[in-house]
1. What is the extension gain from ARG131 to LYS73, computed as 0.36 nm multiplied by their sequence separation minus the C-alpha to C-alpha distance, in nm to one decimal?
2. Compute the label zone of GLU150 within segment 61-78: residues whose backbone N is under 20 Å from the point 7 Å along Cα-to-Cβ.
Amino acid sequence: MGANAIRPYAGNLQVCMDRQNQNEQDDSQALNRRSLRLREYDYSQEGAYFVTVCTYKKRMIFTDIRIKRIVEKEWLKTPIVRPYITLDEFVVMPNHLHGIIIINHHVGAYGHTPLRGVFRSPSKSLGAIIRGFKASSKIKINEFRNAPKEPVWQRNYYDHVIRNEADLSEKRKYIIDNPAKWDEDEYYSNNPSSNRFLE
């Protein structure tokens, strides 16, 4: 299997594979949340993952092109902080991001300490990757908006363990086609500013 080959998920694919993020409640209801992750799956193992990260209350904050660019820049920094991952297709939509992350622990050197001023995360799980991205992008977005305590991201995220090359191709196509199908998207709102986003 090559360095970028997709390792198929060998567990029970019937268990929770494609659950949508149902945790849209306010943080005051956090204790009632249930995990969206596969119970028996190790999310730090090598493989490809399709993720969707939504804005807080699905607010359309990425219609502001400057904020959208901040999100894109922070997403693209992710493999610098975590050199064991590769980013594949991704798209920033008005109120969410879709992306494919490939975890490959055999790529390059990895350290737990800062290297030339760049933070290196000690955790290699998908959850740690998403948490790091959300934290760094929230800081940058809120610096730009001059709103340090304003929420940016929904608490959880959706993931799908990519099982094979056909699955990977399907997810890539979904991401590439997503902007053209925005009005059909489950996260679509009739907010008039969302149309400006597609220009």
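Each reported figure results from applying straightforward, stated rules to the coordinates on display, with no laboratory input. Given the structure is predicted, the values throughout are model-derived calculations rather than measurements. Cβ: placed from backbone, ideal geometry, glycine included. Neighbour counts: every protein chain shown.
1. Numbers: separation 58, 0.36 × 58 = 20.88 nm, distance 1.58 nm.
Gain on stretching ARG131 to LYS73: 19.3 nm.
2. Hits in segment 61-78 for GLU150 at 20 Å: 61-75.
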